[in-house]
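Participant: Please read through the structure below; I'll follow up with questions.
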Amino acid sequence: MRIARLIALSVLLALAAIMSSAQGLLASGTTRLAPGDRVTIAVFGQADLSGVFQVDGDGNIELPVVGAIAVAQLSVKECEARIVERLANGYIRQPVVSVRLTEPRPIFILGDVRTPGSFPFRHGSSVLSAIALAGGYAGGELPVTVAVADYVNADERVRTLEGTRRNCSSGSLASRRSATAKRPSIPLRPWSRTIELRP
């Protein structure tokens with residue numbers, strides 16, 4: 001139980017660090033593109049080259065005619081410059097390009113929440129809003145039921161021990177020995193031991 005709470009706490013702290021760094025990057029305008037981000041690229045005068053593109057697992061975006069352009073770990077302005085460079089290299093004279101981060105890559109919420117998984121990043125999100133997005137903490141139900149089950153099991157053990165103690169202290173050992181001597185032993189099977197019947 002304690003280990004699970006420590007793991008959940010470490011996951012939440014890691015999520016807090018990621019979200020605070022993401023907020024800082026978004027606020028300063030130095031957001032770095034990474035796989036999973038969706039960007040809107042507008043090439044003025046070229047509707048066929050414009051549209052919404054997703055950064056693939058290799059960190060590239062695939063523009064029509066031009067092909068793959070590596071944009072991983074670039075800011076939005078650096079991405080614009082790289083696309084302008086590629087388009088000016090034999091495709092368009094003096095291209096004018098605008099790049100906008102449409103949808104940041106998703107965040108992943110794991111740990112002691114009701115619905116862990118992948119969720120869209122929202123600007124201004126905090127750790128608490130991410131936990132709320134995942135349905136809130138799930139830890140409230142499990143520890144209570146485990147604690148109740150532990151209490152019931154402990155209570156049953158105590159009652160069993162008290163009953164055994166009462167049975168042992170109620171009669172003398174000598175009277176029990178004489179009572180067992182009078183009872184016959186009954187064999188259960190020919191190859192098994194004999195069992196004495198006791199009250």
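The values are calculated or read from the model by the stated rules, or taken from the named source; none is laboratory data. Computed from a prediction, not measured in an experiment: that's the story for all the values here. Backbone-built Cβ (ideal geometry, glycine too); neighbour counts: all protein chains shown.
Yes or no, residue by residue, for (1) modelled with pLDDT of 85 or more; (2) within 20 Å of Leu133 (Cα to Cα); (3) surrounded by fewer than 17 Cβ atoms within 10 Å (Cβ to Cβ):
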| residue | (1), (2), (3) |
| --- | --- |
| Met1 | no, no, yes |
| Ser21 | no, yes, yes |
| Arg32 | yes, no, yes |
| Arg38 | yes, no, yes |
| Asp58 | yes, no, yes |
| Ala81 | yes, no, yes |
| Arg100 | yes, no, yes |
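Participant: On to the next question. Return the residues of the stretch 45-67 that are of a type outside the set (Asp, Glu), without any contact (Cβ under 8 Å) to a residue 12 or more places away in the chain and part of a strand (DSSP E or B); say none if nothing qualifies.
Facilitator: Taking the stretch 45-67 as the starting set, the residues that turn out to be of a type outside the set (Asp, Glu) are 45-47, 49-55, 57, 59-61, 63-67.
Add one more test, that the residue is without any contact (Cβ under 8 Å) to a residue 12 or more places away in the chain, and what stays is 47, 50-51, 67.
Those that are of a type outside the set (Asp, Glu), without any contact (Cβ under 8 Å) to a residue 12 or more places away in the chain and part of a strand (DSSP E or B): Gly51, Gly67.
Participant: Would you mind stating whether Ile69 is over 18 Å from Glu103 (Cβ atoms), crowded, with 17+ Cβ neighbours inside 10 Å, in contact with a strand residue (DSSP E or B) (Cβ under 7 Å, 6 or more places away or on another chain) and among the aliphatic types (A, V, I, L, M)? Talk me through it step by step, then tell me what you get.
Facilitator: Working: over 18 Å from Glu103 (Cβ atoms): yes; crowded, with 17+ Cβ neighbours inside 10 Å: yes; in contact with a strand residue (DSSP E or B) (Cβ under 7 Å, 6 or more places away or on another chain): yes; among the aliphatic types (A, V, I, L, M): yes.
In short, yes.
Participant: For Leu128, all conditions in the list (1) more than 18 Å from the chain's Cα centre (by Cα); (2) over 29 Å from Thr40 (Cα atoms); (3) modelled with pLDDT of 75 or more hold save one; what is the number of the exception?
Facilitator: Looking at each condition in turn, Leu128 falls short on (1).
Participant: Please pick out the residue among Gln54, Gln94 that is at pLDDT below 95, of a type outside the set (Ser, Thr, Tyr) and surrounded by 13 or more Cβ atoms within 10 Å (Cβ to Cβ). Can you show your working first?
Facilitator: Details: Gln94 fails: surrounded by 13 or more Cβ atoms within 10 Å (Cβ to Cβ).
Checking each option against the conditions leaves just Gln54.
Participant: Report whether or not Gly171 is over 30 Å from Val66 (Cα atoms) and either at pLDDT below 85 or loosely packed, with under 10 Cβ neighbours inside 10 Å (or both). Write out each step before concluding.
Facilitator: On the way: over 30 Å from Val66 (Cα atoms): yes; either at pLDDT below 85 or loosely packed, with under 10 Cβ neighbours inside 10 Å (or both): yes.
The answer is yes for Gly171.
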